[in-house]
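Let me begin by presenting the structure, written as structure tokens, before commenting on it.
The values are calculated or read from the model by the stated rules, or taken from the named source; none is laboratory data. Quick caveat: nothing in here was measured; it's all calculated off a predicted structure. As a convention, Cβ positions derive from the backbone with ideal geometry for all residues, glycine included, and neighbour counts pool all protein chains shown.
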Amino acid sequence: MAGGLGVVAALAVPLSVPAPAAAAGLIPIELAGPTGPLPVGAVDLHLVDSSRTDPWSGQPREVMVTVTYPAVHVHDRPMLPWLPTGAERALKARLGGAVDGYALPRTHSADRAPARPGRRPVLLHSPGYQSDRTFNTLLIEELASWGHVVAAVDHPYDSGEVEFPDGRVVVTRPDDWSVEAVTAAVAVRAADLRFVLDALAELERGGNPDAERRPLPRGLRGTLDLTRVGAFGHSRGGAASAAVMYLDERVRAGIDLDGGLAGPVVEHGLDRPFLLMDTAIHDGLNQDPSWPSFWRHLSDWHRCLRLADADHNSYTDIVAVAPQLPEQVRAQLQAGTIPADRAVAAVRATVRAFFDLQLRGRPDTGHLLWGASRRYPEIEYIAG
């Protein structure tokens, strides 16, 4: 499955608790916070790569990134909105009024909260086609609350609504599902992720890679362990995670959440750990032509797991948003029949178990990566 969300399915975004002062008459969308012991901070970065020309705009390539990390405290810090104002308007317009009566929530990530000391594994996140970097906030905040730093990347013209600090909002270009177009888009995403890694290295050296030089969180420098880097993504973002691993040995482990693969990695595979997660509907190893070849060429630790009773967007926040929406909207969201709380808990636990094993050397004592967890029976073992 190469794509992300349909027109209505882009709604997946809302994550966390309602804004403190939601507009009168709007129905708030509420999502659970992370379960880990650490409070969570986040900072948005605007990064401009002057060495690359954007294939769609003809200008220097630029991306928006949210870095989410364990914080010392979140006292008196505002929580970042799920979407800034311009992006929210663009999303609601794209949905044709289907969610105009709803208040998009704020996240559980405190804006520029002081970072908690300690060297942390760094995870790159790439969203699905026509999806925003916030579509997996439930998972991202969970990882940060357990001690990871996550850099979630929007890919302009391929992601959904990307708002820049000057107020510009870039939306997805028209669909082109040819093999050539998808392969090219995944290659751009992989280059974006490599560029973000370079920017994080600059931050670790004491620089400020933000194009506007906006203040960085106190203590963030010194927390990024760039010798322990992973990548994960949903749908086309999963393809980007595999592609960046193929190109850049700094990325030591990766996860594809229900995404078709593209590019040279399909025929050449990887020599580092990789986890594939699919649904019975996608069934990558039997139905997606890109998965079997990739699977045969994986020479290190690899596994394929499945989320039971799931559909494509069960790996994203859509699964938790869908039950809060009218039936006519909910029916189009590809969230499956799995209960939302079970899907969120199982995906959070599995992704964390994988990165804890591969980047921290912590054993999978709950047997999640074997699909044999009594606590999360929704995770099924397919192959490994």
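In the range 290-302, the residues that are within 21 Å of residue 368 (Cβ to Cβ) form Cβ pairs under 6 Å with partners that are assigned to a loop (DSSP other than H, G, I, E, B), at six or more places apart or across chains, as follows: 298/269; 298/270; 300/271; 300/272; 300/273; 301/273. Count of the range 332-383 residues, restricted to those that are under 12 Å from residue 277 (Cβ atoms) and out of contact with any helix residue (DSSP H, G or I) (no Cβ under 7 Å at 6 or more places or on another chain), is 3. Of all the listed residues (74, 67), the sole one being in contact with a strand residue (DSSP E or B) (Cβ under 6 Å, 6 or more places away or on another chain), part of a loop (DSSP other than H, G, I, E, B) and of a type in the set (Val, Ile, Thr) is 74.
Looking only at the range 204-225, decide whether some residue is without any contact (Cβ under 8 Å) to a residue 24 or more places away in the chain, in contact with a strand residue (DSSP E or B) (Cβ under 7 Å, 6 or more places away or on another chain) and not in a loop (DSSP other than H, G, I, E, B). Looking for residues that are without any contact (Cβ under 8 Å) to a residue 24 or more places away in the chain, in contact with a strand residue (DSSP E or B) (Cβ under 7 Å, 6 or more places away or on another chain) and not in a loop (DSSP other than H, G, I, E, B), one finds at least one in the range 204-225, hence yes.
Residue count for the range 334-353 under the criterion of being modelled with pLDDT of 95 or more and either on the phi > 0 side of the Ramachandran plot or touching a Gly at 6+ places or on another chain (Cβ under 8 Å) (or both): the result is 3.
Restricted to the range 271-323, the set of helices (runs of 4 or more DSSP H) holding at least 3 residues that are in contact with a helix residue (DSSP H, G or I) (Cβ under 7 Å, 6 or more places away or on another chain) and not charged (D, E, K, R) comprises 290-296, 318-321.
Test residue 100 against the stated conditions and say whether it is touching a helix residue (DSSP H, G or I) at 6+ places or on another chain (Cβ under 6 Å), surrounded by fewer than 18 Cβ atoms within 10 Å (Cβ to Cβ) and assigned to a loop (DSSP other than H, G, I, E, B). Working first, answer last.
Values: touching a helix residue (DSSP H, G or I) at 6+ places or on another chain (Cβ under 6 Å): yes; surrounded by fewer than 18 Cβ atoms within 10 Å (Cβ to Cβ): yes; assigned to a loop (DSSP other than H, G, I, E, B): yes.
Yes.
Does the range 156-163 contain at least one residue that is without any contact (Cβ under 8 Å) to a residue 60 or more places away in the chain and buried (at least 22 other Cβ atoms within 10 Å of the Cβ)? So far as the range 156-163 goes, yes, one or more of its residues are without any contact (Cβ under 8 Å) to a residue 60 or more places away in the chain and buried (at least 22 other Cβ atoms within 10 Å of the Cβ).
I'd like the residue in the range 325-336 that is more than 22 Å from the chain's Cα centre (by Cα) and of a type outside the set (A, V, I, L, M, F, W, C) and, out of all such residues, is farthest from residue 33 (Cα to Cα).
To start, the set of residues in the range 325-336 that are more than 22 Å from the chain's Cα centre (by Cα) comprises 325-329, 331.
Next, only the ones that are of a type outside the set (A, V, I, L, M, F, W, C) stay: 326-328.
Details: 326: 23, 327: 25, 328: 27 Å.
Ranking the qualifying residues of the range 325-336, first place goes to 328.
Conditions (1) in contact with a helix residue (DSSP H, G or I) (Cβ under 9 Å, 6 or more places away or on another chain); (2) at pLDDT below 95, marked per residue:
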| residue | (1), (2) |
| --- | --- |
| 21 | no, yes |
| 40 | yes, no |
| 47 | yes, no |
| 60 | no, no |
| 65 | yes, no |
